[in-house]
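Visitor: Got a structure for you, written out below as structure tokens; questions coming shortly.
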Amino acid sequence: MVFAVQAQPVLTASVNKSTVGLNEQFKLTYSLNGNGRNFQGPDLKDFNVLGGPNQSSNIQMVNGSFSQSLSFTYFLQPKAEGTFKVGFASIEADGKRIQSNGLILTVVKGNTSNQNQSGSGQDQGGLSEKNIFLKAEVNKSGVYQGESVTVVFKLYTNVNIMNYTISKSPALNGFWSQDIELPEQLQLSNATVDGINYKVGVLKKVVLFPQQSGTLYIDPMELECIARIQVKGKNRMDPFGVFQNDPFFNDPFFGFGSARDVKYAFKSNKLAINVKALPEGAPESFNGSVGQFNVDASIDKNATNANEPVSLKIKINGTGNLKLIEPPSLEFPGDIESYDAKVNESLKTSESGVSGSKTFEYLLIPRHEGTYELQPVTFSYFDLGKKQYVTKSFGPFKIKVGKGSGSGEAVTSSSVSKSDFQLLGKDIRYIKINEQEFS
């Protein structure tokens with residue numbers, strides 16, 4: 001029997017050059033041979049931090065075995081000449097915090113000969129968009145203001161990517177956004193583009209709700225990756241390590257021999273979304289809700305006693321910009337004390353948008369005996385299916401209030417503050433301040 005021994009996690013610090021010119025940039029990287037969390041960087045007081053830490057991950061599968069690694073990268077520039085110590089970083093891995101090694105860096109006047117290793121001097125290594133590219137796609141290019149649109153960023157590659165870093169996230173000006181949760185491990189699938197076979201992984205999915213009309217733009221996402229390429233040889237190899245029978249890997253670009261890692265920077269395409277303004281003539285109760293909804297409003301009781309609570313609930317469920325719907329503004333009789341709405345939501349975000357339910361619960365406390373009428377609850381929204389405004393109205397609601405318990409008269413709202421209530425589980429109980437008789 002053969003037992004697989006997993007290597008202990010190690011956090012390794014490295015720089016792309018140990019001698020740096022005073023005016024040069026250099027890269028400081030911390031690499032972990034596994035999975036970790038809560039990374040704490042070093043003290044970098046002797047350097048200008050130009051960027052980072054940028055986190056990237058690498059997942060490989062070789063002969064059915066997975067391996068994972070993390071890296072955290074800083075882009076730095078020295079502040080002065082001399083010899084400097086780069087302190088320790090740490091991270092939590094396998095249930096304990098581990099520490100990196102330290103580094104010593106020499107800073108000299110002027111530039112060193114390895115200037116191309118930093119900043120924008122990237123070795124493209126013969127790679128092009130035929131080998132690696134990033135594509136942004138939308139499920140619809142024309143929407144109403146407030147209607148959802150889903151954007152997916154896909155990575156296409158036919159070379160082995162050792163790790164990648166999102167160097168610039170796309171700007172989403174004019175949109176409210178909600179990310180769609182993706183698996184921690186990048187899921188690869190097959191695709192053919194212009195006769196070339198690729199492995200494809202989804203890097204990001206996001207649902208957008210435009211907040212203004214006109215043409216809105218989704219700027220490109222920018223990536224940096226390290227690709228491992230092979231020197232041409234007579235034999236062929238699988239750059240992914242698990243797809244040796246795929247014929248598209250039988251290309252002179254891949255072959256046994258020496259391999260080298262190449263830094264490659266690229267970005268996605270820019271997208272334009274045409275946003276139509278909502279029609280004129282919106283109802284007075286319209287507050288920007290767009291979608292297809294079911295609405296209901298009710299009170300939990302029609303009869304109560306003074307100083308006893310009544311609950312008014314408004315429930316909205318369906319698909320649309322539920323996350324952005326605010327509690328309706330309601331007016332109540334002066335003898336009924338009202339509290340800000342308690343909001344409960346159960347929402348799911350998918351490529352088709354945001355769906356689920358949202359409930360607004362108003363706590364009402366009548367202070368005197370009598371019969372009260374609550375004004376109708378009105379909710380309006382723009383129905384995307386009907387392409388028109390829809391208004392739903394509920395009520396009016398009548399509440400019959402009897403005399404409150406206790407020996408004295410009901411306490412007026414001016415004589416007690418909202419801090420005189422206790423929240424017990426899910427119920428609210430009034431604190432009686434009159435003298436009580438016990439037997």
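Visitor: Exactly one of these conditions fails for Glu137: (1) without any contact (Cβ under 8 Å) to a residue 24 or more places away in the chain; (2) open to solvent by 60 Å² or more (accessible area, probe 1.4 Å). Give me its number.
Guide: Going through (1) without any contact (Cβ under 8 Å) to a residue 24 or more places away in the chain; (2) open to solvent by 60 Å² or more (accessible area, probe 1.4 Å) one by one, Glu137 breaks only (2).
Visitor: Keeping to segment 140-162, report how many residues are of a type outside the set (Phe, Trp, Tyr), within 30 Å of Gln211 (Cβ to Cβ), out of contact with any Ser or Thr (no Cβ under 6 Å at 6 or more places or on another chain) and in contact (Cβ under 8 Å) with a residue 24 or more places away in the chain.
Guide: Number satisfying all stated conditions: 12.
Visitor: Count, please, the residues in segment 280-300 that happen to be surrounded by fewer than 16 Cβ atoms within 10 Å (Cβ to Cβ) and either farther than 13 Å from Tyr381 by Cβ or acidic (Asp, Glu) (or both).
Guide: The number of residues fulfilling the criteria is 6.
Visitor: Can you pull out the residues in segment 369-414 that are in a loop (DSSP other than H, G, I, E, B) and modelled with pLDDT of 90 or more?
Guide: Listed by number, the residues that qualify are Glu369, Gln375, Pro376, Leu384, Gly385, Lys386, Lys387, Pro396.
Visitor: Being open to solvent by 30 Å² or more (accessible area, probe 1.4 Å) and of a type in the set (A, V, I, L, M, F, W, C) is the filter; apply it to segment 152-185 and report the residue that is nearest to Val262 (Cα to Cα). Spell out the reasoning first.
Guide: Step one: list which residues in segment 152-185 are open to solvent by 30 Å² or more (accessible area, probe 1.4 Å), which gives 154, 163-164, 166-169, 171-173, 176-179, 181-185.
Restricting the remaining residues to those that are of a type in the set (A, V, I, L, M, F, W, C) gives 166, 171-172, 176, 182.
Values: Ile166: 17, Ala171: 28, Leu172: 31, Trp176: 37, Leu182: 28 Å.
Among those that are open to solvent by 30 Å² or more (accessible area, probe 1.4 Å) and of a type in the set (A, V, I, L, M, F, W, C), it is Ile166.
Visitor: Within segment 140-151, how many residues are surrounded by fewer than 17 Cβ atoms within 10 Å (Cβ to Cβ) and either under 19 Å from the mean Cα position of the chain (by Cα) or part of a loop (DSSP other than H, G, I, E, B) (or both)?
Guide: 2
Visitor: Here's a follow-up. Would you tally the residues in segment 170-185 being modelled with pLDDT of 85 or more and within 15 Å of Leu155 (Cβ to Cβ)?
Guide: Kept after step one, since they are modelled with pLDDT of 85 or more, are these residues of segment 170-185: 174-183.
The next check asks that each one be within 15 Å of Leu155 (Cβ to Cβ); those that pass are 182-183.
Residues in segment 170-185 being modelled with pLDDT of 85 or more and within 15 Å of Leu155 (Cβ to Cβ): 2 in total.
Visitor: Let me ask something additional. Do you know which of the residues in segment 186-197 that are open to solvent by 80 Å² or more (accessible area, probe 1.4 Å) and touching a Phe, Trp or Tyr at 6+ places or on another chain (Cβ under 9 Å) is nearest to Tyr164 (Cα to Cα)?
Guide: Filtering segment 186-197 for residues that are open to solvent by 80 Å² or more (accessible area, probe 1.4 Å) and touching a Phe, Trp or Tyr at 6+ places or on another chain (Cβ under 9 Å), the one nearest to Tyr164 (Cα to Cα) comes out as Leu188.
Visitor: Which of (1) farther than 24 Å from Phe293 by Cβ; (2) open to solvent by 30 Å² or more (accessible area, probe 1.4 Å); (3) of a type outside the set (Gly, Ala, Ser) is the odd one out, the single condition Arg367 does not satisfy?
Guide: So the condition that Arg367 fails would be (2).
Visitor: Just give me the residues in segment 254-305 being in a loop (DSSP other than H, G, I, E, B) and of a type in the set (Asp, Glu), in sequence order.
Guide: Of the residues in segment 254-305, the ones in a loop (DSSP other than H, G, I, E, B) are 254-258, 268-270, 277-285, 300-302.
Once the filter is applied, which keeps residues that are in a loop (DSSP other than H, G, I, E, B) and of a type in the set (Asp, Glu), segment 254-305 yields Glu280, Glu284, Asp300.
Visitor: Still on this structure: What is the residue count in segment 94-105 for residues that are open to solvent by less than 60 Å² (accessible area, probe 1.4 Å), part of a strand (DSSP E or B) and modelled with pLDDT under 85?
Guide: Looking only at that region, the number is 2.
Visitor: Pairs, please: C-beta under 6 Å, at least 6 apart or cross-chain, first residue farther than 18 Å from Leu324 by Cα and in segment 381-392, second open to solvent by 50 Å² or more (accessible area, probe 1.4 Å)?
Guide: Short answer, once both residue conditions are applied: Gly385/Gln292.
Visitor: Within the set of pairs 6+ apart or on separate chains, which have a first residue in segment 328-357 that is charged (D, E, K, R), a second that is in a loop (DSSP other than H, G, I, E, B), and C-beta atoms under 8 Å apart?
Guide: Filtered contacts from segment 328-357: Glu331/Gln375; Asp335/Arg367; Asp335/His368; Glu337/Arg367; Asp340/Pro327; Glu351/Asn139; Glu351/Ile180.
The values are calculated or read from the model by the stated rules, or taken from the named source; none is laboratory data. Every value quoted in this text rests on a predicted model; they were computed, and no experiment measured them. Cβ atoms come from the backbone with ideal geometry, glycine included; neighbour counts cover every protein chain shown. Quick note on the areas: whole protein, heavy atoms, side chains included, nothing else; ligands and nucleic acids left out. Shrake-Rupley method; radii C 1.70, N 1.55, O 1.52, S 1.80 Å.
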